[in-house]
Number of protein chains: 2
Amino acid sequence: VAAVTAPSVEIVAIGNELLLGETVDTNSAWIAARLAAEGIRVVRVTLAADDVAAICDVVTEALRRTGTVICTGGLGPTPDDLTRHAVARVYGRRLAIDESWIDVLRDRYRRRGVEMPAINRVQGEHPEGATLLPNERGTAPGIVVADHDLGWAALLPGVPHELRGLMEQGVLPLLRARLQPAHRIASRVLRTAGLTEAALAERIADISADTGTVSLAFLPHITGVDLRLTCLSVDAAADPTAALAARLRERLGANVYAEGNGDMADVVGAMLRERGLSLALAESCTGGLLAKRMTDASGASDFLQTGFVTYANAAKRDLLGVEPETLALHGAVSEQCAREMAAGARVAGRADVAIAITGIAGPDGGTADKPVGTVWIAIALDGTTHARRFVFPGDRSEIRDRSAQAALDLLRRLLLRSG
Amino acid sequence: VAAVTAPSVEIVAIGNELLLGETVDTNSAWIAARLAAEGIRVVRVTLAADDVAAICDVVTEALRRTGTVICTGGLGPTPDDLTRHAVARVYGRRLAIDESWIDVLRDRYRRRGVEMPAINRVQGEHPEGATLLPNERGTAPGIVVADHDLGWAALLPGVPHELRGLMEQGVLPLLRARLQPAHRIASRVLRTAGLTEAALAERIADISADTGTVSLAFLPHITGVDLRLTCLSVDAAADPTAALAARLRERLGANVYAEGNGDMADVVGAMLRERGLSLALAESCTGGLLAKRMTDASGASDFLQTGFVTYANAAKRDLLGVEPETLALHGAVSEQCAREMAAGARVAGRADVAIAITGIAGPDGGTADKPVGTVWIAIALDGTTHARRFVFPGDRSEIRDRSAQAALDLLRRLLLRSG
């Protein structure tokens, strides 16, 4: 197989808040995923401070390596926003101001009945000769600077929905024209639940030792281990990841719950929709997280009747009909309580299926008998209630995430078995 | 004022999944925040691919700049985990194996009644002469390599809770001894809600023009704009950010809802706890997100009675007593429906206060009258129900986040007023 390489770019994310750890850089991952889909490879991401010299260094180095750089952040109206100045210096240009963009902003403010703050004027500034990309969602336009020797740079605001709009409408068309990706990156993800990374690796050891031109990676998450199959495809029609995915799926059976970005909540939602089953939820330690996950994508109204967040014992009694004796004898984190919560939610929520979760997410509340991480999950389905105990590792947030995922996985496997 | 500088480090996060955008790098922000608190400054973060040459380049450059590097990721048991190999090459050392760590792993597996997968053996590998940091939460130990000329590097696994444990117990004590931070970074964050970045900047323009040795940054989030005050303090007793924070607080009044990492949900929770008020929630478009946020921290059982996720109209009727006529005449996204949801949740949830949210989070369901982003929020408190309409920008996830935050902010301001 001839070696094929995808055109490569670098991302530079700018902001002291990133280096102080006050903000997690989610933009780079979003941009990288978007570019991968276009057959463009991100070879490095660098986070730099709001400092003209630091930005100059990082952007200069990145341009030297790939010739194509996307910068995010530092385009706001306040004095700590220095990306425009730094990039102007990299390209040896002075800052010019685009009066037509100021007019757009002034107009927008006027329509809302307010005067444009004078401070917004700096958002018309850009390195002389640059192209401005109008931002429909915010006040900072995207800026594209190009130079035959130095290379090409796009500057985008750090606010995620503004950045995304500017990428789609402004930057991607320009990048396609500039880089003309000839090969697409064939990439495929199989999502598994219920196996540790090592157990999964052993189960597919022989397959992973012989993947041909496809590279196989293990991505462990709180919610399970993903398998990523990647291949720089010479021929858009032939996708060599398909055959490998089929072999893995056959070996792993029900442990694979989705392909791609598919969320377990969406998978379970689709199964309920297909079977015409309605769902009720009763959450204690997850406190609404499972309901939130079921409604992250639109369309849950097809099956989701009601979610009860019964954090207090009184609510478990009053709304779900959990027996006071159950709470007194076994406690709220018990098989009995989980079963009664599920049965009660199914009735009170007028649903075909109910999921109940009750556990100790910590950091307090653990005992020798029931350590932090102890979670009972019950599912009422087809006239029976299934219950299972878990002891999850991790902190409060991880225990809650694992609980919601395990509950969905349990329902998924029951639905698979019931056909 | 004499210029003072904090000792500096760089972070290198390793993994193809980061450059393909399949995983967001949350570790670097956590490490950076932890180091900032110790008076250690992160000057650059670099994300690199699972590729020996790429890791070598990035780690070598980072060591050259600061002499102290923390690497995360690429220490798993599978063949795509290459950090050990790359860093051994950077230091010109061969890989040795630590049999005592293998024994620890074998023992752990044995206690769970299973044989250690042979694949885990590679997790005892490390550059010869390195120090291993035992990992109580996972199979990859931390690795610390030091060389007088090249500098110091710590390698940590990418799994967040493993990394955090190893940082606290292993890496931070070593870094304190190595870098001896003489000055701490005094940092303080004021969190605001209800003002845009530009409006906020104008309101405090005179204050921000004259901040002395303190630097002031604006951090816009979906949930509001944070103001970060930072100062490298020569004297631990004198914190020059305190006086500036007081001036800003005085100017901004109720628009400041917290200092530090304080979440709006915790602020509102504390106010309810203090006033002895119980809370019920009725969520439609946010689908459990508000309940999840109220229970992200432990302790919500002090005030949270019940959360109702009434995604379906039938649930709004049956559980909250919303009138069928209301739904027929005004629709589920209406002032009337929000008011009835709040009043109904207060009664059904047996609570003193209730919050109701009903809106169109999209992407579908918008009309000319009620575009995507239209959200009605109602709060039942002290015998009256307050309702307010919002039209939020952004995608589904952002609209849901803004809705939950606005609902909490509305309740917070009502509680402040009612004393």
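The values are calculated or read from the model by the stated rules, or taken from the named source; none is laboratory data. Treat the numbers as computed from the prediction; the structure is a model and nothing was measured. Quick reminder, even Gly has a Cβ in these numbers, built from the backbone with ideal geometry, and neighbours come from all protein chains shown. With ligands, DNA and RNA removed, areas are computed over all heavy atoms of the protein, side chains included. Shrake-Rupley method; radii C 1.70, N 1.55, O 1.52, S 1.80 Å.
Details
- Taking the range A:225-312 and the strands (runs of 3 or more DSSP E) fully enclosed by it, the elements with 1 or more residues that are open to solvent by less than 10 Å² (accessible area, probe 1.4 Å), among the charged types (D, E, K, R) and within 14 Å of chain B (Cβ to nearest Cβ) are at A:279-283.
- When residues of the range A:185-206 are limited to those that are open to solvent by less than 10 Å² (accessible area, probe 1.4 Å) and either modelled with pLDDT under 85 or under 21 Å from the mean Cα position of the chain (by Cα) (or both), the one farthest from B:Leu18 (Cα to Cα): A:Ala193
- Residues that are over 19 Å from B:Ala282 (Cα atoms) and charged (D, E, K, R) within the range A:308-345 comprise A:Glu323, A:Glu325, A:Glu335, A:Arg339, A:Glu340, listed in sequence order.
- When A:Thr46 is tested against (1) open to solvent by 10 Å² or more (accessible area, probe 1.4 Å); (2) closer than 22 Å to B:Ala62 by Cα; (3) of a type in the set (Ser, Thr, Tyr), exactly one condition is not met: (1).
- Filter result for A:Asp352 (out of contact with any Cys (no Cβ under 8 Å at 6 or more places or on another chain), more than 10 Å from every other protein chain (Cβ to nearest Cβ) and either free of Cβ contacts under 8 Å to residues at least 12 places away in the same chain or surrounded by fewer than 21 Cβ atoms within 10 Å (Cβ to Cβ) (or both)): yes
- Odd one out for B:Ala209, checked against (1) of a type outside the set (Asp, Glu); (2) more than 10 Å from chain A (Cβ to nearest Cβ); (3) open to solvent by 20 Å² or more (accessible area, probe 1.4 Å): (2)
- Screening the candidates B:Asp364, B:Asp401, B:Asp382 for the property of being crowded, with 17+ Cβ neighbours inside 10 Å and charged (D, E, K, R) yields one hit, B:Asp401.
- Pairing residues of the range A:164-185 that are within 20 Å of A:Val43 (Cα to Cα) with residues that are assigned to a helix (DSSP H, G or I) and at pLDDT below 95, at Cβ distances under 6 Å and at least 6 apart in sequence or on separate chains, gives A:Ile185/A:Ala36.
- Being of a type outside the set (A, V, I, L, M, F, W, C), closer than 24 Å to A:Leu414 by Cα and within 12 Å of chain B (Cβ to nearest Cβ) is a description that applies to A:Thr196.
- Checking B:His85 against (1) in contact with a helix residue (DSSP H, G or I) (Cβ under 8 Å, 6 or more places away or on another chain); (2) open to solvent by 50 Å² or more (accessible area, probe 1.4 Å); (3) within 11 Å of another protein chain (Cβ to nearest Cβ); (4) part of a helix (DSSP H, G or I), the condition it does not meet: (3)
- Annotation note: of A:Val58, A:Val114, the sole residue that is β-branched (Val, Ile, Thr), free of Cβ contacts under 8 Å to residues at least 60 places away in the same chain and either open to solvent by 20 Å² or more (accessible area, probe 1.4 Å) or in a strand (DSSP E or B) (or both) is A:Val114.
- Some residue of the range B:132-148 being β-branched (Val, Ile, Thr) and part of a loop (DSSP other than H, G, I, E, B): yes
- Of all residues making up the range A:61-79, the number that are open to solvent by 30 Å² or more (accessible area, probe 1.4 Å), within 11 Å of chain B (Cβ to nearest Cβ) and in a helix (DSSP H, G or I): 2
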